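The structure appears right after this line, and notes come after that.
What follows is calculated from the coordinates using simple rules that are stated; it is not laboratory data. This structure is a prediction, so every number in the text was calculated from the model and none was measured. Here the Cβ positions follow ideal geometry from the backbone for every residue, glycine too, while neighbour counts run over all protein chains shown.
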Amino acid sequence: MFRYIVRRLLQMVLTFFGATFMLFALVFANQKDPIQALVGERPVSESQRIALTERYHLDEGFFMQYWYYMKGLFTGDFGTSMTGRKNWEMMADAWPVTLRLALIAIVIAATFSVTMGVYSALKRGGVFDNVSLFITLVLLAMPIVVIAPLFQLIFGIELGWFPPTATRDATVWQLLLPAIVLACIVIAPEMRVTRTAVVENLRADYVRTARAKGLTRTRVIWVHVLRNSLIPVVTLIGVDLGGLMAGAIVTEHVFNIPGVGFNLARAIKTEDGPLVVGFVSILVILFLFINLLVDLLYAALDPRIRYE
Amino acid sequence: MSDLNTVTTAEAPGGQPNVPRSPVKKDKPRSLAGDAWADLRKRKIFWVSVVMVAIVLVMAAWPTLFTTADPGACALSNQYKGPTGAALFGFDYQGCDIYAKVIHGARNSIVVGVLSTALAGVIGLFFGLAAGYFGGWLDAFLSRFVDIMLGVPFLLAGIVLSNRLSSDPKSDGIFAVTLTLGLLSWTSGARVMRSAVISAKNQDYVAAARMLGSKPSRLIFRHIVPNSIASYVVLLTLLLGINIASEATLSFLGVGLKNNAISWGIMISEGTQFARTEPWPLVWPALFLGVTVLAFIMLGDAVRDAFDPKLR
Amino acid sequence: MDVLPGIDPRAPLLEVSDLHVEFRTQYGVAKAINGANFWLSAGETLAILGESGCGKSVTAQAIMGILDTPPGYVTQGQIKYRGVDLLKLSENERRKVRANRIAMIFQDALSALNPVYTVGFQLGEVFRKHRGMSRSAAKQRAIELLDQVKIPAARTRVDDYPHQFSGGMRQRVMIAMALALDPEVLIADEPTTALDVTVQAQIMGLLADLQRERNMGLILITHDMGVVADVADRISVMYAGRVVEEAPVYDIYSRPAHPYTRALLESIPRLDMKGQQLSVIRGLPPVLTDVPKGCAFNPRCAYARDACRQDPAPPVYQVSQQPHRTARCHFFREVIGE
Amino acid sequence: MPGKAPWKMAAGATAIALLAAGCGGGGSEDSAATSNTVVIGIGEPQHLIPTNATESNGSEVLSSLFYPLVDFDAENKPVVVAAESITPDSKNTVWTVKLKPGFTFSNGEPVTSENYINAWNYGAYGPNGQGASYFFEKIKGYADLQSKDPDGEEGPKKAPDPKAKTLEGLKKVDDATFTITLSAPFAGWESVMGYTAFYPLPKAAWKSEGVIAEGFEDAIIGNGPFKIKGKWEHDSQIVVEKVADFKGEAPKVDGVTWKIYQDQQAEYADLVAGNVDVQTQIPIESLGKASADLGDRFKKSPNSTFQFVGFPTFQKEYQDVRVRKAISMAINRQEITDQIFLGSQSPATSFVSPVVAGYRPDTCGANCVYNPSEAKKLYTEANGPKEIKITYNVDGNHKAWVDATCNQIKAALGINCVGGEEPKFADLLSKVEKKQPVGLIRLGWIMDYPLMENYLGPLYSTDGSSNYYGYSNPTFDNLVKEGSAAATEDEAIKKWQAAEDILAQEMPVIPLRNGQNVYGYSTKVNNVTVDLFQKVNLYKIEVVG
């Protein structure tokens, strides 16, 4: 197990370099005129253009730019954003709130999808099963650009149940509504996968054994069936957790949360290469860690899986 | 909606007496597909979803069967007018006939949704199979590649890909959007497939087949795939819905459908803006989208249940 | 142990009468059991014999109360344990009967044990949930049990997972689990089918020993007449959801009273019949949504006449008083007589 | 039976998780909400160094921190504020600025003429890359502060340092007086100095000569009625509080929290919920409900925004002026402002904004009047293209009106019209630079100072900084230049109006709409006004009760 983890960590280093290189290429491929993008619709004066081009090495080739970036990285310098702020400072501002948002969202999503998935697996074909399926599907089929403002409108303004916006130092209470919005996208798949897995496992022989042992139905389901059904669910939750951090762009925008999604969107819009690469590199690292965790969780959930 | 899943419930558990698996046809050899078809034919829900999907497909293929109005003929003087004879659903913000737009929007939404999901399904299947079946360094390499893919935000990759793929200013962007969504949405499927394959690989019947000298390709496609495919199909039907919706997000960001192409996604995001005062332009396309996605998912569920002997 | 109201220590240990079970599927109602009758006394071994799909396992599940409902329903009949009709108990009372009074062993121990928990956990769970023991006490009891079923190094193996045991050892774990709470009735559903022959004998021996020690009633469900001959006291032969013949083991083997039993016996390969062609029962068991009229066995029966093809099915005929044996065949005399 | 158990478990687990996640979150409730302060919504400023602040968010924040040399009265004429007097010489070339005595920066430093000169030199110096450096173009010696790229657009070589570091035209007379020499006469110079770029910077700003100290921008020190409290909390808020002994006009509130929003809809949600007191631009999506939500706290006032579409000269199909006129006549501006913008903009019928002196309504004449039959006739005569395209950037909320405009054109001219979507303005510009067939280009303009010249120069002059469509008419250029050099403002306006008449003849662009501030405020505040530059008047606003 230890060797496995070490190997994965080594892979991670390689992946990280691969990722930054790929990202740099992506950003580079998309870069047309970052200086114009930076100032929006204002005209750019010649001298301003020259100054900024020099400051950000914009006139140099792709490999040179990558080299400057990596060189900075090794000295702990994530580079300077086109806005003039230090990248690490912007990341330090943005990550905490996004992490909290994603965690709250995934907890809401996982709790609801697992409980509701199990419940509808037990009551297959019942009213609960069908209604919850329908609602989650409708939420799934709605683009996030629809759900986010609608939820804000309905629950934030018209009903006033939640604060309509949040800030960087948002309380959990303020982050609840955006977290629910984020959870909406992932609840449907997670719930469906839970339901399918539970249905399959409900027919397993060991369930009959557990019942023959005189265990209560609750215990049979929540202890014996669920544990066996969790592997596909955990896989999906792991993927979703990462996705939520990167995918919060629209939600953070609507709820005014200056997190990763918002910063990324702005950086992409302003063709702010170093900032994009900085944020996404961290995202990739987080993904790698989450995946390692998920893989280790497999082994914890199912003793038949062994890593060497 | 009343009995969406009842069909999956009434099966005899394993080790039960001779409860028939399909209508009895005495002494006739049965194949999996034949069995499944026989099974499907009996399911009400299957037919309901087939009819719904068929209607949507016909709508996508021949919109003029449903409406003769030109969806592009809009006039502000009609803004938010209620339903009239031909315009069943009334008019939207731009004074367009919502009914005509919904009908004509079906094609782009369906084409993008179905094709991108199919593409993602195939890519994810092969990635998941290769990684799960062969394991080792290939698994490590593919898995890390998937990690990077997942780590790159949809928005960034979507913008870059869409820009690269649609160089022709005259194109409506459907090809680019389809390809973009397909190339970006296969990853979670690949991971689910991979873990399903890993668990299937360790089952006795696979070991048995291997002992009997099955070629890897046969092993994979005859033994592992049919047994791992159930949750994958469920995921894909969901992905279909997600991709139809994602098209709207891409279009919303300006890298989706172009040149006044109509789609449900675009209608929905436009309708959202003024939903507070005028809900109908949002409600109608959302309803069509929701029902379509639901139909596909129901169909996927029924087919999945029919093909998965464990669930039958 | 929880006290079961209405229990009568003098009443028969287990008595199943006129049991009907049906499965309501989308393809129609399958009558899995159509009036099963048998009883079991303490210390006795009753074998239920039949081809796969004849309703043996369903009977066992109905007794345990672990039928999957839906689609399976008990529609009629009584299952009396010491005079108490289990079918009339609440789910909670019924649950307490399981493992405490009546326990069950399943066919395939690998799939019947939960793959993700240690055997110690799964064994201990019985004590924790029924006896309210602490985790450590339950584990201690689990080790003792593993010892009793002769698993070597029980103390270390208690923390292993099912997949780390061999087939025979797994079945021992199953047995240990069933015997944990000293039940009076043990139902063993094809306990040795998945094992190889030498291990089969060991397991059957172990079961017999444990039964003797505890004076349990044992219901042995099997399709293997060879196993039955060695351990059973009485045999019930089931066909298409009915007990077609019931008799002490010796009588069945020497003089079967039902054509089906006879056919089963003839299909056993025997040393003294070397060189002769092995007889095979013609045709297939009926599909339960489509059971033939009259005697369900009639399409495959050499003795069948018109009466066998008419409803109602043959009643339970008393073949002899002492020993008590019954058969559901209009022509049982003819069958015995040969 | 697990009848209700899952729900309970779900609720319990969620609660636990939320508590856990909550540990990181500070409960920073606004303590300022109770006091005599107001919360005003803005977007994240790009920069807070005055010479780099070219967008409205930055200049709005700076307006609270700085006291300008000049401001504008109700007729948009300049009036001195921090300056005692500003006097030109007879040729309008040398301007003498005399500062009011006794003013200090919020750190106590006295405000002297050097503070202005140093700040402006910094802004004009090319290598500093300041966004507003073009404001100093008219000052003598500006060209010497710019470097020329030696090897063209994409060359890797380092540009040489400019010839000079300071503007030749800026001269200190004494601590309270300095002169500005322009490279050419310009009667409207006083108005130009009303812009954000002309604020002074204290000595504390400088690390060394010409280099801004690190961290100064995030805690900038000004000479205005408010000072920054703490630091600029990027993407979150900027809190300013009253300077105790401010010599100028004292505001009625004790502080302002500039709350930063990424999205106007979010800001509006907070306005309705009472979390923000003033929103200077209510998004169209919310206008339908704004009256209901806000009652008489929903207000409108003019601003300088001017929206139009330009015809790229490199596309032959638009070279016939009849085609351009026909397209203009095919557009029903009133319908679009009423129904797409819900009255938040008004139809434009001239080539400059109504807020500048010298504006005349309807200079565009019949060309800007909706007349579909005449349009069709003209278009057919000129044999205009069968399909036209209006290219716009989707990140600016332009789709709705472009679609509506296209629908009108389609209906009136019987041709096809499509909206060409570009993700952002820079993408649009790069296509224009490559001379790709973009069709009509969506453009807008917000003035820097209230003169006609600020529209005519950048937008329509041959070398205008925002003349992306390539319009060029020497007569027009000359008239604009003559106007700028005129001795009096009235003379200047006459020349400029003559120039505008040329535009009406040639229709290089189609004027579409003039913008308005559509703003709203909470019940907590009163006397809220929003000026031409989309700024809240901080001296008038007050807290109720």
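Estimated from the Cβ-Cβ distance and a Förster radius of 45 angstrom, the FRET efficiency linking D:Asn36 and A:Trp88 is about 0.75. The trypsin sites (Lys or Arg not before Pro) found in the stretch D:380-425 that occupy coil by DSSP, while having at most 10 further C-beta atoms within 10 Å, are D:Lys386.
Can you give the FRET efficiency to the nearest 0.05 for B:Ile55 and B:Phe221, using r as the Cβ-Cβ distance and R₀ = 35 Å? It comes out at approximately 0.55. Length gained on full extension, D:Asp144 to D:Asp395, computed as 0.36 nm times the residue gap minus the Cα-Cα distance: 86.6 nm. Per-residue Karplus couplings for the stretch D:481-488, computed as 6.51 cos²θ - 1.76 cosθ + 1.60 with θ equal to phi - 60°, are listed in order as 5, 4, x, 5, 8, 4, 6, 10 Hz, Gly and Pro entered as x. 3J(HN,Hα) along the stretch D:258-271: 7, 8, 8, 10, 8, 9, 5, 5, 4, 5, 5, 4, 6, 5 Hz, from the Karplus curve 6.51 cos²θ - 1.76 cosθ + 1.60 with θ = phi - 60°, whole Hz, x for Gly and Pro. Remark: B:Trp284, B:Trp37 ranked as B:Trp37, B:Trp284, counting other beta-carbon atoms within 10 Å and listing the fewest first. Bridging of D:Lys77 to aspartates and glutamates at a Cα separation below 13 Å is possible for D:Glu190, D:Glu489, D:Asp490, once same-chain residues fewer than 8 apart are set aside. Going from the fewest other Cβ atoms within 10 Å to the most, the residues C:Arg328, C:Arg82 appear in the order C:Arg82, C:Arg328.
Within chain A, the longest run free of exposed loop sites, counting chymotrypsin sites (Phe, Trp or Tyr not before Pro) that sit outside DSSP helix and strand states (H, G, I, E, B) and have at most 14 other Cβ atoms within 10 Å, spans A:1-160.
Here the translational diffusion coefficient of the stretch D:203-309 follows from Stokes-Einstein with Rh set to the Kirkwood radius across Cα pairs; for 4 °C and 1.567 mPa s it amounts to 77 µm²/s. Which residues does the label zone of D:Val81 cover in the stretch D:176-219, counting backbone N under 14 Å from a point 7 Å along Cα→Cβ? Correct set: D:191-200.
Counting, for every residue in A:166-175, the Cβ atoms of other protein chains within 10 Å of its Cβ and taking the mean gives 6.
The sum of -39500 (n - 2.57) across all DSSP H runs of n ≥ 4, divided by the residue count of chain A, sets its helix-only mean residue ellipticity at 222 nm to -24000 deg cm²/dmol. Listed from fewest to most Cβ neighbours within 10 Å, the set A:Glu190, D:Glu374, D:Glu217 follows the order D:Glu374, D:Glu217, A:Glu190.
Tell me, what are the semi-axes, in whole angstrom and largest first, of the equivalent ellipsoid of the stretch A:97-234 as set by the roots of 5 times the Cα gyration tensor eigenvalues?
Values: eigenvalues 229, 51, 28 Å².
Each semi-axis is √(5λ); the values are 34, 16, 12 Å.
Give me the angle, in degrees from 0 to 90, between the Cα long axis of helix C:197-214 and the longest principal axis of the Cα atoms of chain C, rounded to the nearest 10. The angle comes out at about 70 degrees.
Kirkwood-based Rg over Rh for the protein assembly as shown (C-alpha set), two decimals? Rg/Rh for the protein assembly as shown comes to 1.10. Taking each pair of different alpha-carbon atoms in the stretch C:122-262 once, compute 1/r for the pair, average those values, and report the inverse of that mean as the Kirkwood hydrodynamic radius in Å to one decimal. Over the stretch C:122-262, the inverse of the mean reciprocal pair distance is 16.7 Å. Where is the GNM fluctuation largest for chain A (alpha-carbon springs, 10 angstrom cutoff): A:Val207, A:Val225, A:Val198? Among A:Val207, A:Val225, A:Val198, the largest GNM mean-square fluctuation belongs to A:Val207. Angle check, please: helix A:2-30 long axis (alpha carbons) against the longest principal axis of chain A (alpha carbons), in degrees 0 to 90, nearest 10. Orientation of helix A:2-30: about 50 degrees from the principal axis.
When the helices of chain C are scored as -39500 (n - 2.57) per DSSP H run of n ≥ 4 and the total is divided over every residue, the value at 222 nm lands at -9000 deg cm²/dmol.
Charged side chains reduced to their Cβ positions (Lys and Arg at +1, Asp and Glu at -1) give the stretch B:43-311 a dipole of some 820 debye around its Cα centre.
Rounded to the nearest 0.05, what FRET efficiency do D:Thr104 and D:Ala273 have when you use their Cβ-Cβ distance and R0 = 51 Å? Rounded to the nearest 0.05, the efficiency is 0.85. With each label modelled as a point 7 angstrom along the Cα→C-beta vector, the C:Asp233-D:Ala74 pair spans 11.5 nm. The helix-based estimate of mean residue ellipticity at 222 nm for chain D, built from -39,500 (n - 2.57) per DSSP H run of four or more residues and divided by its residue count, is -8500 deg cm²/dmol to the nearest 500.
Model label points for D:Lys163 and D:Gln436, set 7 angstrom from Cα along the Cα-to-Cβ axis, are 4.0 nm apart.
For a straight C-alpha distance cut-off of 26 angstrom, the lysines reachable from B:Lys44 (same-chain residues fewer than eight places away being disregarded) are A:Lys123, B:Lys25, B:Lys26, B:Lys28, B:Lys310, C:Lys31. Our coupling estimate for the stretch C:29-39, obtained by passing each phi through the Karplus curve with A = 6.51, B = -1.76, C = 1.60 and θ = phi - 60°, is 8, 9, 8, 6, 10, 10, x, 8, 10, 6, 9 Hz, Gly and Pro reported as x. With the simple spin-label model, which puts each label point 7 Å out from Cα in the Cβ direction, the A:Ala25 to A:Glu46 separation comes to 3.8 nm. Hey, for a label at B:Trp137 modelled as a point 7 Å past Cα toward Cβ, could you say which residues of the stretch A:1-22 have their backbone N under 16 Å away? In the stretch A:1-22, the label zone of B:Trp137 (backbone N under 16 Å from the point 7 Å along Cα→Cβ) covers A:7-8, A:10-12, A:14-15. Calculated over chain C, the projected area of the Cα convex hull averaged across directions stands at 18.5 nm². Sorting the segments C:17-25, D:357-365 by their residues' average number of neighbouring beta-carbon atoms within 10 angstrom, most packed first, yields C:17-25, D:357-365.
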